[in-house]
């Protein structure tokens with residue numbers, strides 16, 4: 001029986017089957033469904049497959065979500081599966097955007113607080129919009145193109 005799951009950030013947490021049930025129910029609700037007991041029965045199938053597939057290892061969130069999609073489709077709930085897949089994609093995009101925003105804030109903070117040695121490279125320059133633009137260009141070039 002699976003008791004632990006690996007989150008996206010690598011942390012291990014207790015496996016909560018009710019999270020699967022609620023995710024299925026919310027996807028069904030988005031399509032006009034309202035049968036919570038059906039969501040629980042589908043969750044039973046998901047958990048059975050997870051237990052079989054991961055009997056000698058720990059499942060990760062993405063793997064479990066893939067199984068949920070498979071169970072929904074195999075049980076004739078294509079619309080619910082579509083809503084579930086679209087929600088997954090929306091959350092993935094939100095995580096990427098949050099990550100980008102966090103990296104941008106960190107880069108600006110490093111510039112403003114003189115945390116990066118590149119800032120101190122030329123003692124004759126002062127902080128300015130132009131200096132910030134140069135710093136961003138330099139950091140971006142080194143991080144993504146080299």
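The values are calculated or read from the model by the stated rules, or taken from the named source; none is laboratory data. What you are looking at is a predicted structure, and each value in this text was computed from that prediction instead of being measured. No Cβ is skipped: glycine too gets one built from the backbone with ideal geometry, and neighbour counts run over all protein chains shown.
At-a-glance table
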{"item": "In the stretch 68-78, the residues that are under 18 Å from the mean Cα position of the chain (by Cα) and free of Cβ contacts under 8 Å to residues at least 24 places away in the same chain", "result": "69"}
{"item": "Qualifying positions in the stretch 48-64 - free of Cβ contacts under 8 Å to residues at least 24 places away in the same chain and in contact with a helix residue (DSSP H, G or I) (Cβ under 8 Å, 6 or more places away or on another chain)", "result": "49, 53, 63"}
{"item": "Whichever residue in the stretch 1-29 is modelled with pLDDT under 95 and in contact with a helix residue (DSSP H, G or I) (Cβ under 9 Å, 6 or more places away or on another chain) and, among such residues, is nearest to residue 58 (Cα to Cα)", "result": "2"}
{"item": "In the stretch 68-92, residue surrounded by the most Cβ atoms within 10 Å (Cβ to Cβ) [restricted to those that are touching a helix residue (DSSP H, G or I) at 6+ places or on another chain (Cβ under 8 Å) and modelled with pLDDT under 95]", "result": "88"}
{"item": "Members of the stretch 50-65 that are loosely packed, with under 14 Cβ neighbours inside 10 Å and at pLDDT 95 or above", "result": "51, 52, 57, 58, 62"}
{"item": "Exclusive hit being farther than 28 Å from residue 6 by Cα and either at pLDDT below 95 or touching a helix residue (DSSP H, G or I) at 6+ places or on another chain (Cβ under 9 Å) (or both), set 108, 36", "result": "108"}
{"item": "Filter result for residue 81 (part of a helix (DSSP H, G or I) and without any contact (Cβ under 8 Å) to a residue 24 or more places away in the chain)", "result": "no"}
{"item": "Every residue from the stretch 111-128 that is part of a helix (DSSP H, G or I) and either modelled with pLDDT of 60 or more or within 29 Å of the chain's Cα centre (by Cα) (or both)", "result": "111, 112"}
{"item": "Subset of the stretch 13-38 (residues that are touching a residue at least 24 places away in the same chain (Cβ under 8 Å), assigned to a helix (DSSP H, G or I) and buried (at least 16 other Cβ atoms within 10 Å of the Cβ))", "result": "20, 23, 24, 27, 28"}
